[in-house]
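Participant: To start, I am sharing the structure in question, which I have written as structure tokens.
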Amino acid sequence: MLYQVEMTVKLPTDMPAEQAADIKAAEKSYSQDLQRQGKWRHLWRVAGSYSNVSIFDVEDNAELQALVSNLPLFPYMEISVKPLCRHPSSVRDDYS
Ligand SMILES: O=C(O)C[C@H]1C=CC(=O)O1
């Protein structure tokens, strides 16, 4: 199943810079691993913000919840999720 996930990062303003850098590095590694597995299909920055729009390709709601809740930045993000299905006018044949 495909999901559009929008994540907005809100780190506490008093978080020490080194701690923030460590969490961001862990997040990068985790997200790149999921991208290489094909589970995190797209990752786009929303211009002018500390938000991203992502497309996840996972088995079901439970797998999405497991992956997203393990994000190192999860405690510091607002997240919205929209389930996607194929558009009848789409000419693409590389996804279901
Ligand atoms: O920067 C972000 O949008 C948050 C998060 C998503 C992937 C990643 O490396 O960081």
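Participant: Residue by residue through segment 51-96, note down the ones that are hydroxyl-bearing (Ser, Thr, Tyr) and farther than 15 Å from Val5 by Cβ. If you could, list the steps in order and put the result at the bottom.
Facilitator: Of the residues in segment 51-96, the ones hydroxyl-bearing (Ser, Thr, Tyr) are 51, 54, 69, 76, 80, 89-90, 95-96.
Once the filter is applied, which keeps residues that are hydroxyl-bearing (Ser, Thr, Tyr) and farther than 15 Å from Val5 by Cβ, segment 51-96 yields Tyr76, Ser89, Ser90, Tyr95, Ser96.
Residues are listed down the side, and each one gets a yes or a no for (1) of a type in the set (A, V, I, L, M); (2) within 9 Å of the ligand (Cβ to nearest atom); (3) in contact (Cβ under 8 Å) with a residue 60 or more places away in the chain:
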| site | (1), (2), (3) |
| --- | --- |
| Leu2 | yes, no, yes |
| Pro12 | no, no, yes |
| Lys28 | no, yes, no |
| Arg41 | no, no, no |
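Participant: On the given criteria, is Asp22 more than 11 Å from the ligand (Cβ to nearest atom) and assigned to a helix (DSSP H, G or I)? Let's see the steps before the verdict.
Facilitator: Numbers: more than 11 Å from the ligand (Cβ to nearest atom): yes; assigned to a helix (DSSP H, G or I): yes.
Yes, satisfied.
Participant: Suppose we keep only residues that are aliphatic (A, V, I, L, M) and assigned to a loop (DSSP other than H, G, I, E, B) within segment 44-96. Which one would you say is nearest to the ligand (Cβ to nearest atom)? It would help to see each step written out before you state the result.
Facilitator: Just the residues of segment 44-96 that are aliphatic (A, V, I, L, M), to begin with: 46-47, 53, 55, 58, 62, 64, 66-68, 71, 73, 77, 79, 81, 84, 91.
Remaining after also requiring assigned to a loop (DSSP other than H, G, I, E, B): 46-47, 58, 71, 73, 91.
Values: Val46: 8, Ala47: 12, Val58: 16, Leu71: 7, Leu73: 6, Val91: 30 Å.
Checked segment 44-96; the qualifying residue nearest to the ligand (Cβ to nearest atom) is Leu73.
Participant: Just the residues that are surrounded by 14 or more Cβ atoms within 10 Å (Cβ to Cβ) and of a type in the set (D, E, K, R), please, taken from segment 41-62.
Facilitator: Result: Arg41, Asp57.
Participant: Moving to a separate point now. Among the residues of segment 5-56, write down those that are touching a Phe, Trp or Tyr at 6+ places or on another chain (Cβ under 8 Å), under 26 Å from Arg86 (Cα atoms) and not hydroxyl-bearing (Ser, Thr, Tyr).
Facilitator: Val5, Leu34, Lys39, Trp40, Arg41, Asn52, Val53, Ile55, Phe56
Participant: Take Leu43 and tell me if it is touching a helix residue (DSSP H, G or I) at 6+ places or on another chain (Cβ under 8 Å) and either of a type in the set (A, V, I, L, M) or farther than 11 Å from Met7 by Cβ (or both).
Facilitator: Numbers: touching a helix residue (DSSP H, G or I) at 6+ places or on another chain (Cβ under 8 Å): yes; either of a type in the set (A, V, I, L, M) or farther than 11 Å from Met7 by Cβ (or both): yes.
Yes; evaluated as a whole, the condition is true for this residue.
No lab work stands behind these numbers, since they all come straight from the coordinates. What you are looking at is a predicted structure, and each value in this text was computed from that prediction instead of being measured. All Cβ positions, glycine included, derive from the backbone under ideal geometry; neighbour counts span all protein chains shown.
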